[in-house]
Amino acid sequence: MKFLPILFLMIALNSPIYAQKLNFSFNHVAISVTDLERSCTFYKEVLKLEEITNKTKVEGIRWFTIGNGIELHLISTIKENVKINKAVHFALSTKDFDKFIQNLDGKKIPYSDWPGTPQKTNVRADGIRQVFLQDPDGYWIEVNSVSQI
């Protein structure tokens, strides 16, 4: 009889209610920036992102749409240091990969392949072309040629 509560708990935790998959969708990425205006200019001019309304209405925060309901939030209100390396990046896909590279070259924006060769792109094992660049605060951004957008 003393095992009955444990048995009930085990059955409850294995029931379909607890085993159901949670269905998430990606909403936004937020990054800490030191100079909000400089970062906004970068994301508008280099990545051609459209600024949208910052629904928090908090000064020092700006929002951009990446598309398909996904947003980028730039936050300048937190002054802590952020440790950045290439493995921590976000990736954007474009059907206009060559046009994007021409835009970078025209603006003299440095970029590299994954190993770090300046002004070079690379092809991943799955055949997708990619390039890496950094925003004004050093955040790594991958832009790739995935065509399912």
Expected output for the stretch 117-142 (first residue on the phi > 0 side of the Ramachandran plot, partner surrounded by 13 or more Cβ atoms within 10 Å (Cβ to Cβ) and of a type in the set (S, T, Y), Cβ below 8 Å, 6+ apart or cross-chain) is Q119/Y111; Q119/S112
Residue pairs qualifying under the 6 Å Cβ cut-off, at least six apart or on distinct chains, with the first in the stretch 52-69 being in a loop (DSSP other than H, G, I, E, B) and the second being surrounded by 10 or more Cβ atoms within 10 Å (Cβ to Cβ), are N54/I61; N54/R62; N54/W63; G60/S76; G60/T77
Restricting the stretch 52-79 to residues that are surrounded by fewer than 11 Cβ atoms within 10 Å (Cβ to Cβ) and either among the basic types (K, R) or assigned by TED's automatic domain parsing to the domain that holds D135 (or both), the one modelled with the highest pLDDT turns out to be K55
Matching residues in the stretch 127-149 (assigned to a strand (DSSP E or B), closer than 25 Å to S39 by Cα and among the charged types (D, E, K, R)) number 1
- Query: When you look at K99, is it surrounded by fewer than 15 Cβ atoms within 10 Å (Cβ to Cβ), of a type outside the set (S, T, N, Q) and part of a helix (DSSP H, G or I), yes or no?
  - Reply: yes
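The values are calculated or read from the model by the stated rules, or taken from the named source; none is laboratory data. No experiment lies behind these values; they were computed from the predicted model shown. FYI the Cβ positions are ideal-geometry reconstructions off the backbone, even for glycines, and counts take in every protein chain you see.
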